[in-house]
1. Please go through segment 17-69 and give me each residue that is at pLDDT below 85 and either acidic (D, E) or not in a loop (DSSP other than H, G, I, E, B) (or both), ordered by number.
2. Can you name the condition, by its number, that I6 falls short on among (1) in a strand (DSSP E or B); (2) modelled with pLDDT of 90 or more?
3. For segment 5-39, what are the residues that are over 21 Å from R54 (Cβ atoms) and in contact with a strand residue (DSSP E or B) (Cβ under 8 Å, 6 or more places away or on another chain)?
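The values are calculated or read from the model by the stated rules, or taken from the named source; none is laboratory data. Only a predicted model underlies this, so the values are computations on that prediction, with no experimental measurement involved. Cβ: placed from backbone, ideal geometry, glycine included. Neighbour counts: every protein chain shown.
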Amino acid sequence: MAKMKIWYDEDGDFLEIGIAQTKGYFKDIGNDIWERVNKNGKVIGFAVLNFKKRIKKQKKEVILPLKIALQEA
């Protein structure tokens with residue numbers, strides 16, 4: 001089973017969620033949100049800048065423009 005890594009930098013207000021421990025790069029999808037993709041273009045995570053600000057604006061619920069499907073390896 002794949003492990004999910006969640007990392008939050010409070011000073012930078014930056015959230016990153018990874019679903020694979022492979023190398024990749026970030027692809028900007030707009031609105032301070034990035035997909036992390038591997039060399040084949042498969043999404044292996046995502047990152048959100050200004051995460052805490054989003055929570056305050058959206059009353060503790062954050063709706064991101066992402067569709068995620070997780071598969072067991």
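1. Matches in segment 17-69: K52, K53, R54, I55, K56, K57, E61.
2. Every listed condition holds for I6 apart from (2).
3. In the first step, residues of segment 5-39 are kept if they are over 21 Å from R54 (Cβ atoms); the result is 20-25, 37-39.
Listed by number, the residues that qualify are A20, Q21, T22, G24, Y25, V37, N38.
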